[in-house]
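**Student:** Before I ask anything, here is the structure I am working with.
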């Protein structure tokens, strides 16, 4: 017997149709990031740039995330749905531009792609946060964050098939059309329920004081530190398997699928349990476990099975932490939630920019030991910031029982 719509709404705190629509818009925009990370050789060859040159394109794309606070202020002032639609429209232009680009002209669509994420994701997270009651915010936002692992499991094989059959430009052109359709969907999303938000119209001085508050600054610093570790993990995974164990591209791809399943499990666990555990307590414990797992990398036996198991564990814990931190960031200010989440996204962009070149230097000079020490240190510092400064429930927000 299937659950009634009322029971399903009670489980999530929002209706399943709305949850599915938000998930779909997030899924299509996450595909763009997975495409760029997964199909580096095909895109680099198609554009006619070296792998090192492609790395600089990715660096520029990540740096565009620093502009996030500007669009967070816009989301607080003009509405989440309009800003979400603008981000999806920008991604449509970026996908089409990249399909038509050659050489270093790709810098423009890469920058626009990174900008679209800075526009869309904080506004989407703020919109989702305000649709959910505070006591189920982690569950709802965690469910949306499952889109990342789903793109790796379901979208990447389709993109690879399209590239093999019709060339590297084909999926970009198809995605551009999907982004246009998603733009219309986002524009027509329902307004935020009045009972879930009492957002104030803050003056510039009030916004300035808010953004300099310790919990907001700590949120940005936490995002920066966590994403240094995240990109260390993403960058080292394929290099480690190829250099130390001799795995070819097909074997590394299969390993990535296994890690994707583990990431899905981590995001799902966060969605189900972070509200029950407590957002601060759950994140602190997960960050500690993640730091210990990272630090253990140099101690593993030199067997491919051990390496794959370690990567799966790291993937699971990373997704649990990433997904669990989002609703906690969202509770740092009810008055300017979009702005705070955009600031957090700028911290993510900085961390994602620093991580890959830092990992390359550490790998060259210190192998896994250097990467493990830096990653674990960043995670422990993030754990301390969460415990000392981040708030469990936003000041001025009333928890409404269902």
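The values are calculated or read from the model by the stated rules, or taken from the named source; none is laboratory data. Just so it is clear, the model here is predicted, and its values are computed rather than measured. Backbone-built Cβ (ideal geometry, glycine too); neighbour counts: all protein chains shown.
**Student:** What number of residues within segment 179-202 are in contact with a helix residue (DSSP H, G or I) (Cβ under 7 Å, 6 or more places away or on another chain), modelled with pLDDT of 65 or more and part of a helix (DSSP H, G or I)?
**Tutor:** The qualifying residues number 7.
**Student:** Any chance segment 160-170 includes a residue that's buried (at least 20 other Cβ atoms within 10 Å of the Cβ), touching a residue at least 40 places away in the same chain (Cβ under 8 Å), in a helix (DSSP H, G or I) and not assigned by TED's automatic domain parsing to the domain that holds residue 257?
**Tutor:** We begin by selecting, within segment 160-170, every residue buried (at least 20 other Cβ atoms within 10 Å of the Cβ); these are 168.
Restricting the remaining residues to those that are touching a residue at least 40 places away in the same chain (Cβ under 8 Å) gives 168.
Adding the requirement that they be in a helix (DSSP H, G or I) leaves none.
No, every residue in segment 160-170 fails to be buried (at least 20 other Cβ atoms within 10 Å of the Cβ), touching a residue at least 40 places away in the same chain (Cβ under 8 Å), in a helix (DSSP H, G or I) and not assigned by TED's automatic domain parsing to the domain that holds residue 257.
**Student:** If you don't mind, another one. Here are 176, 205, 156, 116: which of them is part of a helix (DSSP H, G or I), more than 26 Å from residue 261 (Cα to Cα) and either modelled with pLDDT under 80 or not assigned by TED's automatic domain parsing to the domain that holds residue 97 (or both)? Spell out the reasoning first.
**Tutor:** Numbers: 176 fails: either modelled with pLDDT under 80 or not assigned by TED's automatic domain parsing to the domain that holds residue 97 (or both); 156 fails: more than 26 Å from residue 261 (Cα to Cα); 116 fails: either modelled with pLDDT under 80 or not assigned by TED's automatic domain parsing to the domain that holds residue 97 (or both).
Only one candidate passes the filter, namely 205.
**Student:** Failed condition for residue 1, given (1) assigned to a helix (DSSP H, G or I); (2) surrounded by fewer than 19 Cβ atoms within 10 Å (Cβ to Cβ); (3) modelled with pLDDT under 70, with all others met?
**Tutor:** (1)
**Student:** Say we look at segment 75-95 and pick out the residues that are buried (at least 20 other Cβ atoms within 10 Å of the Cβ) and farther than 15 Å from residue 185 by Cβ; which of these is farthest from the chain's Cα centre (by Cα)?
**Tutor:** Filtering segment 75-95 for residues that are buried (at least 20 other Cβ atoms within 10 Å of the Cβ) and farther than 15 Å from residue 185 by Cβ, the one farthest from the chain's Cα centre (by Cα) comes out as 76.
Let's see how each residue does on (1) more than 15 Å from residue 146 (Cβ to Cβ); (2) buried (at least 24 other Cβ atoms within 10 Å of the Cβ):
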position	(1), (2)
265	no, no
278	yes, no
283	yes, yes
286	yes, yes
289	yes, no
306	yes, no
318	no, yes
327	no, yes
330	yes, yes
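Every residue, every condition in (1) assigned by TED's automatic domain parsing to the domain that holds residue 171; (2) closer than 30 Å to residue 134 by Cα; (3) surrounded by fewer than 21 Cβ atoms within 10 Å (Cβ to Cβ); (4) at pLDDT below 80, yes or no:
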position: 8; (1), (2), (3), (4): no, yes, yes, yes
position: 31; (1), (2), (3), (4): yes, yes, no, no
position: 37; (1), (2), (3), (4): yes, no, yes, yes
position: 54; (1), (2), (3), (4): yes, no, yes, yes
position: 72; (1), (2), (3), (4): yes, yes, no, yes
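**Student:** Applying the selection to segment 119-134, what residues are over 17 Å from the mean Cα position of the chain (by Cα) and either part of a helix (DSSP H, G or I) or over 17 Å from residue 271 (Cα atoms) (or both)?
**Tutor:** Listed by number, the residues that qualify are 130, 131, 134.
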